[in-house]
Amino acid sequence: MTGDAKQPPTGRSLFPEFWEVGASIHAEISGLSEQQLDWTSDRWEWAEWSVRRQTSHMASMLYRWLLLRWGEQLFPDGPGLDDSQVTALAASQTDRALDENLFQGIADITRALDNALALAQGALGSHTVDQMRSLTIESQQGPHWDLMINAHPTGIDRDPDTGMSTLTLEGTFRHMYFELVTHLFNIQRLKRAQGLAASVELPRVGYWTLDGWDVSEA
């Protein structure tokens, strides 16, 4: 009797959203002027980062988790990038964003974001659900995680006294998706503060839906 054995489900079955969220980000920032992309306000903490900075942060966030924290396990032979490229994407001196000297235009930023999402999609497609739930890393996390951990039913075991957490690959991808959705919410309220309408309807998931999260508007 011949035939291929049934393949085990991969991480894509857990997070199909990683094939959809990029389109939502593009839709939300499409057509914005340079002034609208760079608008900020010191009246609200959420408005201290512009739409451009929010988008750059989303890209860099993905690279930091995939390359710096999970790199040895996800890419044992290397991710195909040299050290300077990794630094520009994931470890730039700019605070939690792409290197602004190299990624200033919104087209360059979104291209880096698309490549980061493709990297995430590749990792999801090449790891089984069992691997997603058994592979782990340890990560030091700040006090803001005392609230954020409430969004995670599984996959992150946090010690609030030390700030050290053990994250499964599944927990990490859930965190990355929640980050993307929450920063999309920030982009939407930055637009609304400028008199612009949001372009997409956000799913009611992620950190922005937690009790105690700042969801103030202009």
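The table for this structure:
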item: Among the residues listed as R12, R53, the single one being more than 30 Å from S134 (Cβ to Cβ) and at pLDDT 95 or above; result: R53
item: Long-range neighbours under 9 Å by Cβ, at least six apart or interchain, first residue under 16 Å from L119 (Cβ atoms) within segment 9-24, second in a loop (DSSP other than H, G, I, E, B); result: T10/S126; T10/H127; G11/S126; G11/H127; E17/P203; E17/V205
item: Single unsatisfied condition, A193 versus (1) touching an Asp or Glu at 6+ places or on another chain (Cβ under 9 Å); (2) under 19 Å from S50 (Cα atoms); (3) at pLDDT below 95; result: (3)
item: Wholly within segment 5-102, helices (runs of 4 or more DSSP H) carrying at least 3 residues that are within 24 Å of S139 (Cα to Cα); result: 51-63, 71-74, 83-90
item: Contacts under 8 angstrom Cβ, first residue in segment 188-203 being more than 26 Å from A151 (Cα to Cα), partner polar (S, T, N, Q) and part of a loop (DSSP other than H, G, I, E, B), 6 or more apart; result: A193/S41
item: Residue ID - farthest from the chain's Cα centre (by Cα), chosen from residues in segment 169-187 that are without any contact (Cβ under 8 Å) to a residue 40 or more places away in the chain and more than 17 Å from Q131 (Cα to Cα); result: F185
item: Which listed residue is aliphatic (A, V, I, L, M), in contact with a strand residue (DSSP E or B) (Cβ under 7 Å, 6 or more places away or on another chain), surrounded by fewer than 18 Cβ atoms within 10 Å (Cβ to Cβ) and within 18 Å of R69 (Cβ to Cβ), from L167, L135, L124; result: L135
item: Residue in segment 140-162 that is at pLDDT 95 or above, over 17 Å from the mean Cα position of the chain (by Cα) and among the aliphatic types (A, V, I, L, M) present; result: yes
item: Filter result for T110 (in a helix (DSSP H, G or I), in contact (Cβ under 8 Å) with a residue 12 or more places away in the chain and among the β-branched types (V, I, T)); result: yes
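Yes or no, residue by residue, for (1) within 16 Å of the chain's Cα centre (by Cα); (2) of a type outside the set (D, E); (3) modelled with pLDDT of 95 or more; (4) surrounded by 11 or more Cβ atoms within 10 Å (Cβ to Cβ):
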site	(1), (2), (3), (4)
G22	yes, yes, yes, yes
L66	yes, yes, yes, yes
D83	no, no, no, no
T87	no, yes, no, yes
T94	no, yes, no, yes
Q104	no, yes, no, yes
I109	yes, yes, yes, yes
N115	yes, yes, yes, yes
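The values are calculated or read from the model by the stated rules, or taken from the named source; none is laboratory data. If you're wondering where the values come from, they're calculated on a predicted model, not measured in any experiment. Note that we place each Cβ from the backbone using ideal geometry, even for glycine, and neighbour counts take in every protein chain shown.
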